[in-house]
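Mind having a look at this structure? Questions to follow.
Values in this text are rule-based calculations from the coordinates and carry no lab data. Only a predicted model underlies this, so the values are computations on that prediction, with no experimental measurement involved. FYI the Cβ positions are ideal-geometry reconstructions off the backbone, even for glycines, and counts take in every protein chain you see.
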Amino acid sequence: MSSLIKAYQKLLHTYPLLIQSGQTGVLMGLGDVIAQKFIEGKSFENHDMRRTFTFFGIGTCFVGPGLVTWYKTLSVVVKGSGKSVAFKKVAVDQTFFPPTLIGFLLVSLGLAEGKNFQQIKGDFSKNYTDILITNYKIWPFVQIANFYFTPLHYQSLVVQTVAVGWNTYLSWKTQSKKHEYHT
């Protein structure tokens, strides 16, 4: 196990954007798999692989690189360490990143599903506020610990590990109109 961790650390140091983007895609895809299997109760035969690959692709191509870039930018904008810096980073992070990312995610999922502008606008109106409010119930607490205890190059991994549950929620929430589940 130790050699696996060392190999990961070496790859993370050598290819930070690639590794963090890939792990984000895998964990977003995993969240969708969990949503389909355990929340929606789909069998393996009825699993929507296109939906899982959409979550994987958005995570790998957009969310992962966005997180890496955001955390680097945040470390430059809010310099230092300690509790007060962690709280400042959370304030900046939660003010700008979630509202933008959630909007981007809703539009991206709609486009990937082939929806037109009106359908995307309807999904956005239905889901955006609920998802943003739920975000504020979870992520400020996670981010305080993340910014205080976690070195910069591991912050994306910490977030995406916690985000397996978050991604499960997002998958279910954005797909719930297709099912009999309601919030």
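Once you list every other residue whose beta carbon is under 15 Å from the beta carbon of His13, what net charge do they have if Lys and Arg are +1 and Asp and Glu are -1?
Neighbourhood net charge equals +3.
Then there is this: Extent of the chain along each principal axis, from alpha carbon coordinates, in Å, largest to smallest?
Computed over the Cα atoms, the extents are 47, 37, 25 Å.
Relative contact order of the chain, please, whole-number percent, based on alpha carbon pairs below 8 angstrom and at least 6 residues apart.
33 percent.
Using the alpha-carbon atoms, what tilt in degrees (0 to 90, nearest 10) does helix 49-58 show relative to the longest principal axis of the chain?
With both axes taken from Cα atoms, the answer is about 30 degrees.
Against the longest principal axis of the chain, how steep is helix 64-77, in degrees 0 to 90 to the nearest 10, with axes from Cα atoms?
Compared with the principal axis, the helix lies near 40 degrees.
What residue among Gly165, Gly82, Gly110 has the largest mean-square fluctuation in a Gaussian network model of the chain, using Cα springs under 10 Å?
Of the options given, Gly82 has the highest mean-square fluctuation.
Which residue, Ala112, Ala163, Ala35, has the most motion in a Gaussian network model of the chain that connects Cα atoms within less than 10 Å?
Comparing Ala112, Ala163, Ala35 in the GNM, the peak value goes to Ala112.
Peptides 148-160, 51-63: what's the order by average Cβ count within 10 Å, highest mean first?
Order by mean packing, descending: 51-63, 148-160.
May I pose another question? Give me the lysines in straight-line cross-link reach of Lys126: C-alpha distance below 26 Å, same-chain residues under 8 apart excluded.
Leaving aside lysines fewer than 8 places away in the same chain, those within reach of Lys126 are Lys37, Lys42, Lys115, Lys137, Lys173, Lys177, Lys178.
While we're on this one: Starting from 0.36 nm per residue, how many nanometres of slack lie between Ile5 and Leu17 once their C-alpha separation is accounted for?
Working: separation 12, 0.36 × 12 = 4.32 nm, distance 1.77 nm.
Extra length from Ile5 to Leu17 when fully extended: 2.6 nm.
Where the centroid of each part is defined by its Cα atoms, how far is region 64-94 from region 100-128 in Å?
27
Points 7 angstrom from Cα along the Cβ direction at Lys72 and Ser84: gap in nanometres?
About 2.9 nm, to one decimal.
Relative to the longest principal Cα axis of the chain, at what angle does helix 83-112 sit, 0 to 90 degrees, rounded to 10?
The answer is roughly 30 degrees.
Still on this structure, I have one more. Straight-line reach from Lys121: which aspartates and glutamates fall under 20 Å, measuring Cα to Cα and dropping same-chain residues less than 8 apart?
List returned: Glu113, Asp130.
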